[in-house]
Amino acid sequence: MFLVIHFHMFRIIAQIGHSVGYFTVVTDLPKYMADVLKFDIKSNGFYSTLPYIAMWIMSIVFASISDWMLTKKWLSLTNSRKLFTTISFTIPGIFLVIASFSGCDRMMAVLMFTIAMGFMSAFYSGIKANNLDLSPNFAGAIMALTNGWGAVIGIITVF
């Protein structure tokens, strides 16, 4: 029982990390583009959507790569989940730091945010998909627990 609770705590911590990063970008990116990069409202709306379009497209790409690697038996299911979770945390972190050093170079900042959010979508092929791996019959309850805590803490940290 202890190991099950212990393992789910790691899942909750990973979900919290993802949610904090995601909600920070969701709430602050349009404000950053308006106040720092000085985009007008129309341009701000357009450029603020690019990271989420990249996230959507890349989530499909990462899911396909993950399934392909599993089919070829290049990685075990556990290692695949670990790999894509690691990608979803490290690469976006690097590109968000680079974005902070882009100064007022508007296109560089937009590109860095777009790349960061694109790689953040590897999370869905990582620990998000792991709910079904652990317990298919209780995947909904596990998702409710991890996603609920992650979302609540992610939203609180933004304020």
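The values are calculated or read from the model by the stated rules, or taken from the named source; none is laboratory data. For clarity, every value in this text was computed on a predicted model and none was experimentally measured. Ideal geometry is used to build each Cβ from the backbone, glycine not excepted, and the neighbour counts take in all protein chains shown. We work out accessible area using only protein heavy atoms, side chains counted, and drop any ligands, DNA or RNA first. Shrake-Rupley method; radii C 1.70, N 1.55, O 1.52, S 1.80 Å.
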Hey, does segment 32-52 have a residue that's under 16 Å from A122 (Cβ atoms) and of a type outside the set (K, R)? yes
Scan segment 100-110 and tell me whether some residue there is buried (at least 19 other Cβ atoms within 10 Å of the Cβ), closer than 23 Å to M33 by Cβ and at pLDDT 90 or above. yes
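Okay, residues lined up against (1) under 17 Å from G17 (Cβ atoms); (2) touching a Pro at 6+ places or on another chain (Cβ under 6 Å); (3) among the hydroxyl-bearing types (S, T, Y):
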| position | (1), (2), (3) |
| --- | --- |
| L75 | no, no, no |
| N79 | no, no, no |
| S88 | yes, no, yes |
| F95 | yes, no, no |
| A99 | no, no, no |
| C104 | no, no, no |
| V110 | no, no, no |
| W149 | yes, no, no |
| G154 | yes, no, no |
Restricted to segment 68-85 and to residues being within 10 Å of F123 (Cα to Cα) and at pLDDT 90 or above, the residue most open to solvent (accessible area, probe 1.4 Å) is L83
Pairs returned, first residue in segment 63-81 that is among the charged types (D, E, K, R), second residue that is not in a loop (DSSP other than H, G, I, E, B), beta-carbon separation under 8 angstrom, 6 or more apart or interchain, are R81/N130; R81/D133
When the residues of segment 129-159 are narrowed to those that are open to solvent by less than 40 Å² (accessible area, probe 1.4 Å) and free of Cβ contacts under 8 Å to residues at least 40 places away in the same chain, which ends up farthest from S80 (Cα to Cα)? G148
When F113 is run through (1) open to solvent by 80 Å² or more (accessible area, probe 1.4 Å); (2) hydrophobic (A, V, I, L, M, F, W, C); (3) modelled with pLDDT of 90 or more, the failure sits at (1)
C104, sole failed condition from (1) without any contact (Cβ under 8 Å) to a residue 40 or more places away in the chain; (2) not β-branched (V, I, T); (3) not in a helix (DSSP H, G or I): (1)
